[in-house]
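The values are calculated or read from the model by the stated rules, or taken from the named source; none is laboratory data. Source: prediction; values computed, not measured. Glycine gets a Cβ as well: all are built from the backbone with ideal geometry, and neighbour counts include every protein chain shown. Side chains included, ligands, DNA and RNA excluded: accessible areas come from the protein's heavy atoms. Shrake-Rupley method; radii C 1.70, N 1.55, O 1.52, S 1.80 Å.
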Amino acid sequence: MSRHDVGQSIQPPAQLDLAWLGEQADEHGLRWLLVHADDGINWGERRARRWVLSHDVAPEIAPAFVPEHVQQVRLFDEAGELLIWREGRAWRGRWLTETPESETADVVHLLWGVETEPLQNDFVLLNEGAEGLRHALPAVKQHFDPAQERAALHIRHHLAYDDSGQVYIKVSRLVRLGVQPRNKGE
């Protein structure tokens, strides 16, 4: 893959399911799962060749994995990202990772949720106060202190250049869940 490629096309099965996603995660060494569905989001973590999902620990917050409701799925970790999305009735996919020639820039995206509540199975409920936004994600750090840090999603932008030599973001991928120290006044 040259520095201008946007990844490798993947053909998902006609019937997307957690077993196939697990096989892909195990094959590529991908720990994290993020599912966007018509009825909400589901975070997941691969543990001992099994998915532990938000729905498993907080079914009142996260929807069950129902393929007909899924819009897109991201499996990701430092090794790369497998993005699966719905196109009409079919699934499409792409695998994206870096090569020595890749030009990238990393950014940190703070996740909604300044109040936390520990959940079973090493998940944490994040709540964004007055907005009432809640989601449950794997606890990325033991003894997470919301007064001192925020949950964060690390993103890697792949850069390219236009005909004028101006840099632009060609494609982005998720890299990992983590925490970010709070800035003063945040």
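Quick one: pull the percent of accessible area on the stretch 29-186 belonging to carbon and sulfur, 1.4 Å probe, ligands and nucleic acids left out.
So the carbon and sulfur contribution to the accessible surface is 48 percent.
Please calculate how many Å² of accessible area the stretch 35-152 carries per residue, with a 1.4 Å probe and no DNA, RNA or ligand atoms counted.
Numbers: 6100 Å² over 118 residues.
I get 52 Å² per residue for the stretch 35-152.
For the stretch 1-126, just the Cα atoms, rotate onto the principal axes and tell me the three extents in Å, largest first.
Its Cα atoms span 44, 33, 27 Å along the three principal axes.
Given 0.36 nm per residue, what is the gain on full extension from residue 107 to residue 68 after removing their alpha carbon distance, in nm?
Working: separation 39, 0.36 × 39 = 14.04 nm, distance 3.21 nm.
Stretched out fully, the residue 107 to residue 68 stretch lengthens by 10.8 nm.
So for the stretch 17-106, averaging the separation of alpha carbon pairs under 8 Å that are six or more residues apart and normalising by length, what relative contact order in percent results? Please report the intermediate quantities before stating the final value.
Values: 146 pairs, mean separation 21.8, N = 90.
Once divided by the residue count of the stretch 17-106, the mean separation gives 24 percent.
Can you give the relative contact order of the stretch 103-143 as a percent, counting alpha carbon pairs under 8 Å and 6+ residues apart?
Relative CO of the stretch 103-143 lands at 30 percent.
What FRET efficiency comes out for residue 39 versus residue 172 if R0 is 30 angstrom and r is the Cβ-Cβ distance? Round to the nearest 0.05.
It comes to 0.75.
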